Amino acid sequence: MEKNKKTKKKLKLSLGVKRILLLIFSIMIIGMSLGMFILYGPITKPRYTLITTAMTTMSHQKYARWFFTESYINKVLANNYLIEIGEDTDPDLINMNGYIKTKFENEYEKDIFEGVKEDTIYKKIYIKGSGYDGYIMAVFKPEKVTLAYSNKLGTEGQRLDDMAKANDALVAMNGGGFFDPTWAGNGGIAHGTVIKGGKIISDYVDAQVGGGFIGITYENKLILGRGTKQDAIKAGIRDAIEFGPFLIINGKASFAKGDGGWGVAPRSAIAQRADGIILFAVINGRDYKNLKPGIDLVQLTELLQNYGAVNAANLDGGTSSALVEKDEDGKYELLNNPIASGGQQKVLRRIPTAWIVTE
């Protein structure tokens, strides 16, 4: 009798194990089928996004090459690209005509102006969309926006919070890219020319990402230009970096086919409205657990247009994309989550330059 009970118990355990194994096997089959559908199925957008996202960073290109041939990758890239507006920035489109509004034309104006007073320097706006979230800082006093750079520029980058602290900033956002052939993240050599206070601080080859000078003039207007460094100085630019691509010039958006060719990732951008308000935008990404891979350049452009940007430029993205704010105790809080490719969270990498807001 006792033996029969033990036999039945073993049979129940055996059936339970088999059911668990069958469930695991079924999940694996479904997962593999879904993966094959995404990689090789009739719907092209997920596949295109995977390829364009991987090919924008040297360290991730291998993932695209695991599954696709070089010729197919080139075909996808040829169908996802961005053509910038071939115009010079018209400073006359920016009029510093005050910013206090009590009636709002749309939800985006409400985000910017609600609760704002005459002495408000900036306002923090939380944003979210399909596959991303992040922040926009609306800076009401553009004269408070300046460029900061690493205290060891040329040899070693600096963390954004340390750069902000050194300059007593209220807010800081990452700036341009840097030369990094070994992908070690040193952040010391800024791509392109760096201008601070009308003087050339450093000068190196540009990043070959489109765009050009992203500068703020002595009249506190954001200028996007493709000239030489001498042209930038003559144009009255006080602070500038070189990066891109340019997303909006004189109210006109760059033409994008597909996702713009840059894939989906964490991103940063700087923009200015017609009323002079400068926008810092920092978008989270690579948070696949919460279905937030990031934003592509098409979405980023549309987002900035919604918030009234007349001129806008893309800044360095990925793990470099970061935004810090000084709290009441004088400490700097990292507002976004620049998730590294290794899965680390809340990690600030060393970078060469930053856009900051001071008192």
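Bear in mind these aren't lab numbers, they're just calculated from the coordinates by the rules spelled out. Keep in mind it's a predicted model, so treat the numbers as computed, not measured. Because the Cβ atoms are built from the backbone with ideal geometry, glycine has one as well, and the counts that use them run over all protein chains shown.
Rg over Rh for segment 294-359 works out to 1.00, using Cα positions for both radii and the Kirkwood form for Rh. In segment 83-358, the alpha-carbon atoms span a convex hull of 124 Å³ per residue.
Grab the beta carbon distance between Lys117 and Lys252, set R0 = 35 Å, and tell me the FRET efficiency rounded to 0.05.
Step by step, r from the Cβ atoms, then E = 0.60.
Peptides 247-258, 196-207, 100-111 ranked from most to least packed by the mean count of surrounding Cβ atoms within 10 Å: 247-258, 196-207, 100-111. Peptides 308-318, 158-168, 209-219 ranked from most to least packed give 308-318, 209-219, 158-168, packing being the mean of other C-beta atoms within 10 angstrom over each peptide's residues. The phi torsions of segment 295-311, fed into the Karplus equation with coefficients 6.51, -1.76 and 1.60 and a -60° offset, translate into couplings of 9, 9, 5, 5, 4, 5, 4, 4, 4, 5, 4, 4, 8, x, 5, 9, 10 Hz, rounded to whole numbers, with Gly and Pro shown as x.
Remark on Ile223: its backbone amide H falls under 5 Å from those of Gly215, Ile216, Thr217, a criterion applied only to residues 5 or more positions apart or on other chains, H modelled at 1.01 Å from N.
With the simple spin-label model, which puts each label point 7 Å out from Cα in the Cβ direction, the Ile100 to Glu156 separation comes to 4.9 nm. What distance in nm lies between label points placed 7 Å from Cα along the C-beta direction at Lys124 and Asp92? About 4.0 nm separates the two model spin labels. Spin-label model, Tyr218/Asp329: points 7 Å from Cα along the beta carbon direction are separated by 4.3 nm.
When peptides 287-295, 113-121, 140-148, 260-268 are sorted by average Cβ neighbour count within 10 Å, with the highest value leading, the order is 260-268, 140-148, 287-295, 113-121.
List the pairs from Lys152/Lys289; Lys141/Lys292; Lys196/Lys326; Lys165/Lys252; Lys110/Lys257 whose alpha-carbon separation is above 26 Å, in the order I gave them. Check vs 26 Å cut-off fails for Lys152/Lys289; Lys141/Lys292; Lys165/Lys252; Lys110/Lys257.
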